[in-house]
Amino acid sequence: MSFSTFIDQSRHRVDQVINTRLDIYQSHTRLQEAMRYSLFNGGKRVRPILVYASADAIAESNGTTDQAAAAIEAIHAYSLIHDDLPAMDNDDLRRGKPTCHIAFDEATAILAGDALQTMAFDILSDTSDTDVDANTRLLMIQALANASGANGMVAGQSIDLCAINQQLSLEELANMHRLKTGALINSAVRLGALSTGIASEQQLTALEVYANAVGLAFQVQDDVLDVISDTQTLGKQQGADAALSKPTYVSLLGLDSAKNKAKQLHEEALDALGGFDYRADNLRHLSAYIVNRNH
Ligand code: IPE
Ligand code: IPE
Ligand code: MG
Ligand code: MG
Ligand code: MG
């Protein structure tokens, strides 16, 4: 299967799980619409694709892999709704469309984010799928909770907001990026591997090294694109970081060094996969995609 077919297939699989789950939430139409809007407005689905690629590096993906992919995308969608709120990055444009709080209203956006967060754990704890044992499922739930919360993405977002107009050291910047973006990407790789039910500790450790590199590279490239791309290609406001005086890899290192950093992290990611055969090729392609993407 070619890499582009793999991407299409992964997107199709995760979309089906998300769609089916969203149909269940019928208590309030406006809330359901805001959730659907934020999950089906053109996200690249990088994290779900990482889940599938990581599972494939170990064994066949399965129904639990689908659950993991959908759960992580739900957390990601929630994180972006809240990231765009006036109290945070105050962005009007996301994926070429009005952000959730513009398309709906601020209160609905906050609630849609809240509901998407619990939706993730609703999906992941659904035991009607029996591909993994209960203990593995708990490990997956815990990994996602840790990556999302006060020692993961939310901590990174908190640091980010306190860093406005501040000069961070390179180490502090890397820490912020690892938390706000790397942690969730890390959990995508870990959950994909765990979903097979047969990942060894050695494989999980190697995949973690891969994911650490790719997770940081993802945010470095996001910082680079904020400077070199344009609003139409990005689907979000170009120059948003500079406008808010956010410390980024570009503001700290300069554009060329930031680009080199992304390339170097890509090499690190490939090195980490040294012990894997062709079955990890989609992970290798994904690392290249992440540092070469234009949006
Ligand atoms: C954007 O993530 C936010 C960051 C963590 C940098 P993506 O670039 O994966 O966003 P979508 O889902 O494809 O829009
Ligand atoms: C967002 O980082 C990270 C999240 C946890 C959502 P950014 O604020 O740089 O993401 P964009 O550029 O708005 O997509
Ligand atoms: Mg932000
Ligand atoms: Mg933002
Ligand atoms: Mg950004």
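The values are calculated or read from the model by the stated rules, or taken from the named source; none is laboratory data. This is a predicted model, so every value here is computed, not measured. Please note: Cβ atoms are built from the backbone with ideal geometry, for glycine as well, and neighbour counts cover all protein chains shown. These area figures cover heavy atoms from the full protein model, side chains too; ligands, DNA and RNA do not enter into them. Shrake-Rupley method; radii C 1.70, N 1.55, O 1.52, S 1.80 Å.
Looking only at residues in region 246-284 that are under 28 Å from ASN90 (Cα atoms) and outside any helix (DSSP H, G or I), the one that is farthest from the chain's Cα centre (by Cα) is GLY254. Count of region 1-44 residues, restricted to those that are hydrophobic (A, V, I, L, M, F, W, C) and without any contact (Cβ under 8 Å) to a residue 12 or more places away in the chain, is 2. Checking each residue of region 185-206 against the condition of being closer than 22 Å to VAL250 by Cβ, away from ligand 4 (no atom under 14 Å from the Cβ), within 17 Å of the chain's Cα centre (by Cα) and of a type outside the set (Val, Ile, Thr) gives no match. Annotation note: of SER54, SER61, SER38, the sole residue that is among the hydroxyl-bearing types (Ser, Thr, Tyr), within 16 Å of ligand 2 (Cβ to nearest atom) and at pLDDT 95 or above is SER38. Within region 57-87, being open to solvent by less than 20 Å² (accessible area, probe 1.4 Å), closer than 23 Å to GLN203 by Cβ and not hydrophobic (A, V, I, L, M, F, W, C) holds for THR64, THR65, GLN67.
Residues of region 203-245 that are surrounded by fewer than 18 Cβ atoms within 10 Å (Cβ to Cβ), within 11 Å of ligand 5 (Cβ to nearest atom), in a helix (DSSP H, G or I) and touching a residue at least 60 places away in the same chain (Cβ under 8 Å): ALA240 alone.
May I ask you to list the residues in region 88-100 that are open to solvent by 20 Å² or more (accessible area, probe 1.4 Å) and closer than 19 Å to LEU161 by Cβ? MET88, ASP89, ASN90, ASP91, ASP92, ARG94 - these are the residues of region 88-100 that are open to solvent by 20 Å² or more (accessible area, probe 1.4 Å) and closer than 19 Å to LEU161 by Cβ. Just one of the numbered conditions (1) away from ligand 5 (no atom under 11 Å from the Cβ); (2) modelled with pLDDT of 95 or more; (3) surrounded by fewer than 18 Cβ atoms within 10 Å (Cβ to Cβ) is not true of ALA258: (3).
The residues of region 129-152 that are under 10 Å from GLN67 (Cβ atoms) and either open to solvent by 80 Å² or more (accessible area, probe 1.4 Å) or not in a helix (DSSP H, G or I) (or both), listed by number, are ASP129, ASP131, VAL132. I'm trying to understand the selection: among the residues of region 105-128, which are among the small types (Gly, Ala, Ser), open to solvent by 40 Å² or more (accessible area, probe 1.4 Å) and modelled with pLDDT of 95 or more? Passing the criteria: ALA107, SER125. Would you be able to say whether some residue in region 212-227 is more than 14 Å from ligand 1 (Cβ to nearest atom) and under 23 Å from THR136 (Cβ atoms)? Among the residues of region 212-227, at least one is more than 14 Å from ligand 1 (Cβ to nearest atom) and under 23 Å from THR136 (Cβ atoms), which makes the answer yes.
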